[in-house]
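The values are calculated or read from the model by the stated rules, or taken from the named source; none is laboratory data. Given the structure is predicted, the values throughout are model-derived calculations rather than measurements. Glycine gets a Cβ as well: all are built from the backbone with ideal geometry, and neighbour counts include every protein chain shown.
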């Protein structure tokens, strides 16, 4: 049995989705493999996403950015949280390293969680950094707003540079000389669009628009406006605490029994925040995307550049999105044809490298 420790930032669900895609791809190619997952992303996310073996360990792996909404962060709270978290507790590093050695872990994989790299070094276990951005690169952009964050730029950069292997996942924000650059990484589609529509109770011929803001809940103020478009069904994951259906609206909790990549694949169009995992899923499905860039976040320009070059859709301002002013553009999105993809899912590329390292 090969054991892999996986440290995942809890910054939204996107990094956990990317990690899950890679873990599933590894499980397909390495018959005897098990994962020790360290994160504060809920355990159910991995239970629903993974087909292979894993054990979950609730563990604070990262601070990232403290989010107030999907589009708004709190820099003051972020710095205060970093001050409490950094430097890493030596006892925590030592005890976790000992635990990984007791578990006979062969490899440590980190989706932008720097503490995992430090633990791997202490344990003498090879580490892989997987990212499309790193926190030092993100924090660099906030120095002018609050110089206190500058002390964490060099701190994290040195840790990231200490990783034994480095994979960047497209769309990459800060391209470097790395061991591998993959195509976009997303979870596979498990259930056909026909099957998803049947489970949701949506006629096969009815147009379906998926609204999504990732793993940070949004208060949608425009839901009543959506009922004015009865010929379109709007599905909103994370839109309620329990499943609800109101006329042409279907609101789902985050844990709904539906994998987000399946919902994306079923949609005739997707409207929502331009975050990594949503972009990767929309890209793989080839669905037109009404994308909402996040302002004041350094990753945004790189993501938008990728969307405009490689995907079909249209841009929606965050304020227009919140006010529901994008509804007039839906017909344009629904008239855009899907794109057929022939390139590989980046999860299999990353899994190939991990398989080779386990030999």
Restrict the check to the range 104-111 and report whether at least one residue is in contact (Cβ under 8 Å) with a residue 12 or more places away in the chain, closer than 29 Å to residue 292 by Cα and in contact with a strand residue (DSSP E or B) (Cβ under 9 Å, 6 or more places away or on another chain). yes
Residue count, the range 81-103, condition without any contact (Cβ under 8 Å) to a residue 60 or more places away in the chain and surrounded by 20 or more Cβ atoms within 10 Å (Cβ to Cβ), comes to 2
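Residue 78: buried (at least 17 other Cβ atoms within 10 Å of the Cβ), under 24 Å from residue 124 (Cβ atoms) and at pLDDT 95 or above, yes or no?
Details: buried (at least 17 other Cβ atoms within 10 Å of the Cβ): yes; under 24 Å from residue 124 (Cβ atoms): no; at pLDDT 95 or above: yes.
Considered against the rule, which asks whether it is buried (at least 17 other Cβ atoms within 10 Å of the Cβ), under 24 Å from residue 124 (Cβ atoms) and at pLDDT 95 or above, residue 78 comes out as no.
Within the range 122-137, can you find the residues that are closer than 11 Å to residue 100 by Cβ and surrounded by fewer than 19 Cβ atoms within 10 Å (Cβ to Cβ)?
Applying the first criterion (closer than 11 Å to residue 100 by Cβ) to the range 122-137 yields 122-125, 127.
Scanning the range 122-137 gives 122, 124.
What are the residues in the range 119-136 that are out of contact with any strand residue (DSSP E or B) (no Cβ under 9 Å at 6 or more places or on another chain) and either in a helix (DSSP H, G or I) or not assigned by TED's automatic domain parsing to the domain that holds residue 35 (or both), if any? First the steps, then the outcome.
If we filter the range 119-136 for residues that are out of contact with any strand residue (DSSP E or B) (no Cβ under 9 Å at 6 or more places or on another chain), which is where we start, we get 122, 124, 136.
Those that are out of contact with any strand residue (DSSP E or B) (no Cβ under 9 Å at 6 or more places or on another chain) and either in a helix (DSSP H, G or I) or not assigned by TED's automatic domain parsing to the domain that holds residue 35 (or both): 122, 136.
Could you please let me know if residue 308 is without any contact (Cβ under 8 Å) to a residue 24 or more places away in the chain and not assigned by TED's automatic domain parsing to the domain that holds residue 138? Don't jump to the end; show me each part of the working.
On the way: without any contact (Cβ under 8 Å) to a residue 24 or more places away in the chain: yes; not assigned by TED's automatic domain parsing to the domain that holds residue 138: yes.
Here the answer is yes, as residue 308 does meet what is asked.
Kindly indicate whether residue 54 is under 30 Å from residue 298 (Cβ atoms), modelled with pLDDT of 95 or more and surrounded by 19 or more Cβ atoms within 10 Å (Cβ to Cβ). Steps first, answer last, please.
Details: under 30 Å from residue 298 (Cβ atoms): no; modelled with pLDDT of 95 or more: yes; surrounded by 19 or more Cβ atoms within 10 Å (Cβ to Cβ): yes.
Judged against the criteria, residue 54 is not a match.
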Are any residues in the range 286-302 surrounded by 16 or more Cβ atoms within 10 Å (Cβ to Cβ) and in contact with a strand residue (DSSP E or B) (Cβ under 8 Å, 6 or more places away or on another chain), and if so, which ones? 287, 288, 289, 290, 291, 292, 293, 294, 297
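Out of 175, 171, 230, which single residue is modelled with pLDDT of 95 or more, part of a loop (DSSP other than H, G, I, E, B) and out of contact with any strand residue (DSSP E or B) (no Cβ under 9 Å at 6 or more places or on another chain)?
Of 175, 171, 230, the one residue that is modelled with pLDDT of 95 or more, part of a loop (DSSP other than H, G, I, E, B) and out of contact with any strand residue (DSSP E or B) (no Cβ under 9 Å at 6 or more places or on another chain) is 171.
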Quick check on residue 201: is it outside the structural domain of residue 116 (by TED's automatic domain parsing), in contact (Cβ under 8 Å) with a residue 40 or more places away in the chain and either surrounded by fewer than 18 Cβ atoms within 10 Å (Cβ to Cβ) or closer than 25 Å to residue 276 by Cβ (or both)? yes
Being more than 15 Å from residue 58 (Cβ to Cβ) and either in contact with a helix residue (DSSP H, G or I) (Cβ under 7 Å, 6 or more places away or on another chain) or outside any helix (DSSP H, G or I) (or both) is the filter here; which residues of the range 89-103 pass it? 89, 93, 94, 97, 100, 101, 103
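Scan 272, 328, 313, 317 and give me the residue that is within 21 Å of residue 262 (Cβ to Cβ) and either surrounded by fewer than 17 Cβ atoms within 10 Å (Cβ to Cβ) or over 15 Å from the mean Cα position of the chain (by Cα) (or both).
The conditions single out 313.
Quick one: which strands (runs of 3 or more DSSP E) sit completely within the range 1-72 and have at least 1 residues that are under 16 Å from the mean Cα position of the chain (by Cα)? Spell out how you get there, then give the answer.
Numbers: elements: 2-8, 33-39, 53-58, 67-69.
Qualifying strands (runs of 3 or more DSSP E): 2-8, 33-39, 67-69.
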From the residues in the range 156-198 that are loosely packed, with under 13 Cβ neighbours inside 10 Å and under 30 Å from residue 252 (Cα atoms), which one is nearest to the chain's Cα centre (by Cα)? 192
Sort through 149, 143 and tell me the only one that's at pLDDT 95 or above and assigned to a helix (DSSP H, G or I). 149
